[in-house]
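Below: one structure, written as structure tokens.
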Amino acid sequence: MAPMKINNVALLTAQSTTPSTAFWALLASVLYLFVLIRFGLVATILAWYVFIIFTNFPMTLQMSAWYSSIGFAGLFVILAITLYGFRMSLGSRPFISAAGAED
């Protein structure tokens, strides 16, 4: 997987027209590799999914904009996945333990 990503980095930087585009392509590829190596394949797939949501859903904080509901739907999907992952990481432990409050 890593050699394939290094090949993609070479292709992205070779196809870029400006040095700033090459820099951002290199930075994105390094971050992608860091997540893959440090946190694993599932986290990398989730990071790619969140990236796709952020690039395809129009995000705005103006509630009066006609496209704001689509952006908030994307944010809600990301929030739901995050909360589900947090809940699953706790396992059978409670969110707030009473034993920690006594210390």
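Just so you know, all these numbers are worked out from the coordinates, no wet-lab data involved. This structure is a prediction, so every number in the text was calculated from the model and none was measured. Cβ sites come from the backbone with ideal geometry, for glycine too, and all protein chains shown count toward neighbours.
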Label-point separation (nm) for F72 and T17, each offset 7 Å from Cα along Cα-to-Cβ?
-> 3.8
Along the range 48-55, Karplus-curve 3J(HN,Hα) (6.51, -1.76, 1.60; θ = phi - 60°) to the nearest Hz, with x for Gly and Pro, reads 5, 5, 5, 4, 5, 5, 5, 7
Simple spin-label estimate for F57 and S97 in nanometres, 7 Å along Cα-Cβ | 3.4
